[in-house]
Amino acid sequence: MLASGNPHKLAELGAALPEWELELLPRGDYPPEAGATYEENARGKARFGRLHADPGTWVIGEDSGIEAAALGGRPGVASARWADDGVARLQHELAGVGDRRARYVCVMVAIDPAGRELVVTGTLEGAISTGPPRGDEGFGYDPVFVPDGESLTVAELGNAWKLEHSHRARAAAALASAVRERGG
């Protein structure tokens, strides 16, 4: 069970964790993302989900964001709430700035049926592009984020690329590995 109302995240995690039968927790009353860290927000979602999900299922809480080096890591944990148009604001704040390094961060907290937690992180290093947003796939900051070693934005690289290489895919792989190591 994914403690989220975001169908984009469900699609990404469902593809990254094909052995899991993921579905969104059908709730409209999630607690606010008021934590100071991705982990605090992910844990809050997972614990909320644990209260409302079938007792025999795993529950995953996830929080993610983008961190621009020149902005001291902003927007960071507030990425989804940073502005009505976060892409435009990020580009505006980086206008004329030479250091365009950035990274995507994803933290997942998974709670098993016994209430034990696993915490995993995935990152994707890159830079914020100059010029207008490019590409039609992905969501959020994908039209302006160019991963290290690539010349295209994530939105241009496409969803198939993202399912294998994104910060969320990397966190999902870490989660699958941690669950296997735990034996469940």
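Going by alpha carbons, how many degrees (0 to 90, nearest 10) lie between the helix axis of 167-182 and the longest principal axis of the chain? Taking Cα atoms only, the helix is inclined about 30 degrees.
Could you give the angle, 0 to 90 degrees to the nearest 10, between helix 7-16's Cα long axis and the longest principal axis of the Cα atoms of the chain? Between helix and principal axis, roughly 70 degrees.
For the chain, what does the helix formula give at 222 nm: sum of -39500 (n - 2.57) over DSSP H segments with n ≥ 4, over the residue count, nearest 500 deg cm²/dmol? Write out the running numbers ahead of the final one.
Details: 6 runs with 60 residues, N = 184.
Helix contribution divided over all residues of the chain: -9500 deg cm²/dmol.
For GluC sites (Glu not before Pro), the sites in the range 1-79 that DSSP calls loop and that have at most 14 other Cβ atoms within 10 Å are Glu19, Glu21, Glu23. For the range 3-57, applying the loop criterion from DSSP together with a ceiling of 16 other beta carbons within 10 Å to the trypsin sites (Lys or Arg not before Pro) yields Arg27.
Charge dipole of the range 37-128 (Cα centre as origin; +1 on each Lys and Arg Cβ, -1 on each Asp and Glu Cβ, all else neutral): 80 debye, rounded to the nearest 20. Note on Arg89 and Glu125: their simple-model spin labels are 2.7 nm apart, each label 7 Å out from Cα toward Cβ.
Please state the relative contact order of the chain as a whole percent: Cα pairs under 8 Å, 6+ residues apart?
On the way: 370 pairs, mean separation 35.0, N = 184.
Over the chain, the number comes to 19 percent.
Bear in mind these aren't lab numbers, they're just calculated from the coordinates by the rules spelled out. Just so it is clear, the structure is predicted and the values come from calculations on it, not from any experiment. Don't worry about glycine lacking a Cβ; one is built from the backbone with ideal geometry, like all the others, and counts go over all protein chains shown.
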